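Have a look at the structure below before the remarks.
The values are calculated or read from the model by the stated rules, or taken from the named source; none is laboratory data. What you are looking at is a predicted structure, and each value in this text was computed from that prediction instead of being measured. For neighbour counting, all protein chains shown are included, and Cβ atoms are generated from backbone atoms with ideal geometry for every residue, glycine included. Remember, those area values only see protein heavy atoms, side chains included, never the ligands or the DNA or RNA. Shrake-Rupley method; radii C 1.70, N 1.55, O 1.52, S 1.80 Å.
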Amino acid sequence: MTGRTLVTEEPFEFEAGGRLDHLSVAYHVSKDKYVPGDKVVVICHALTANSDAEDWWPQLVGKGRLFDTDRYFILCVNMLASPYGSSGPSSAKPDGSPYFLDFPKVTVRDMVRASILVRKHLGIEHIDLLLGSSIGGFQAFEWAVMEPDIIGNVLFIATSPRVSPWLSATMEAQRMAIEADSSFRQCRSLEGGKDGLRCARAQGLITYRGYDGYCLTQAEPDDDTVFASRAASYQRHQGDKLVARFDAYSYWYLCYAVDSNNVGRGRSGVEKALSLIKASTTVVAIDSDLLFPPSEAQVWSKYIKGAVFKVIHSEFAHDGFLLEYKQLTDIIKPILG
């Protein structure tokens, strides 16, 4: 997929207040140019991913894959507040220094408004399939409600139309970890808050993988182990990996964006908002998901007319949306036709 950036000519007003004179929105496409008649697939990415879906979902996106980059016009837009090219706290102000905590708070609705700017810029008038998982699913909800006549099919995977108290609590715990790093508030460079970010990532992973996932992959190999260390080493390793490619300011802002997820805001509630969706809808929950349990998805999916509800099995909890690609292929292939 090819990466590009749209720089808007008009100011962008943020939902929670604040504005930018110009907005940069990074995105990836599978073809050089959209041609009317192309089958369009829009993928909304998750929290710390980027707009190159072929990079983080290689089992499903690429030549000859389910989402064939030769066959479909595939679009993935980088979220606002992400450090991968779109405007965010790591972006440069006019004076060249990063925005840090001076950047406006970003909502999921802001992210979708930016994505719609890209859609219009590319000349896309119809989206055959819109899909997203986790915070990508949050964007898919907003988009399906904001542009109901544009979208033919929508797929929600391991997600929810409104942030739950449980998920919000995990976001606050991760923000607290970042804020406990004294270098975060000093805002001297994008290296600020790195130790806090390592801790935040370690906290988040526990909710992503769950009990069974850790027991399968991080069990101690020695029956006579005195202090368990394998899972501990994994936590530190994963923290280091994120710190090498992400900054604490972007992560802190994205945690707040998660908390903004409420498709019913200003629309008379979630049930009323979901009833506005016209796209053929498929909802996929993961049986072991701690963040978005099937019991929750089964309730809200009934508010979408004609929605098909499916549950897939995974021993890796929420991360199953990245790993259970064979089960997802069986579900998505008929939708693609």
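Here are the numbers:
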read-out: Euclidean distance of C-alpha centroids, segment 59-76 and segment 112-190, integer Å; value: 21
read-out: Under-5 Å amide H pairs with R65, H placed in peptide plane, nonlocal only; value: none
read-out: Sequence-distant residues sharing a close amide H with K305 (under 5 Å, placed H); value: none
read-out: Vicinal HN-Hα couplings computed from phi for segment 86-93 (Karplus, 6.51 cos²θ - 1.76 cosθ + 1.60; Hz; Gly/Pro x); value: 7, 4, x, x, 8, 6, 8, 6
read-out: Distance in nm between pseudo-label sites at D212 and S97 (7 Å out along the Cβ direction from Cα); value: 5.1
read-out: Accessible surface of D330 - all protein chains present, 1.4 Å probe, nearest 10 Å²; value: 120
read-out: Percent carbon-and-sulfur accessible area, segment 228-326, ignoring ligands, DNA and RNA, probe 1.4 Å; value: 53
read-out: Mean separation of Cα contacts under 8 Å, 6 or more apart, over the residue count of the chain: relative contact order %; value: 17
read-out: In order through segment 168-184: 3J(HN,Hα) via Karplus (6.51 cos²θ - 1.76 cosθ + 1.60), integer Hz, x for Gly, Pro; value: 4, 5, 5, 5, 5, 4, 6, 5, 4, 4, 5, 5, 6, 7, 4, 6, 5
read-out: Centre separation in Å (Cα based) which lies between segment 280-337 and segment 229-244; value: 29
read-out: Accessible area of E324 in the full protein assembly, 1.4 Å probe (Å², nearest 10); value: 40
read-out: Computed [θ] at 222 nm, deg cm²/dmol, the chain (DSSP H ≥ 4; -39,500 (n - 2.57); rounded to nearest 500); value: -11500 deg cm²/dmol
read-out: GluC sites (Glu not before Pro) lying in DSSP loop within segment 1-108, provided at most 15 other Cβ fall within 10 Å; value: E9
read-out: Unit charges on C-beta of K, R, D, E only; dipole of segment 170-262, Debye; value: 420
read-out: Trypsin sites (Lys or Arg not before Pro) restricted to DSSP loop in segment 166-246 with at most 16 other C-beta within 10 Å; value: R188
read-out: Surface accessible to a 1.4 Å probe, per residue, for the residues of the chain, Å²; value: 44
read-out: Segment 1-108: trypsin sites (Lys or Arg not before Pro) falling in loop per DSSP and having at most 14 other Cβ within 10 Å; value: K33, K63
read-out: Karplus (6.51, -1.76, 1.60) ³J(HN,Hα), θ = phi - 60°, over segment 328-333, in Hz, Gly and Pro reported as x; value: 5, 4, 4, 7, 7, 4
read-out: Protein accessible area in segment 1-150, 1.4 Å probe - carbon and sulfur %; value: 45
read-out: Under 5 Å, built H, 5+ apart or other chain: amide partners of I74; value: S30, K31, V41
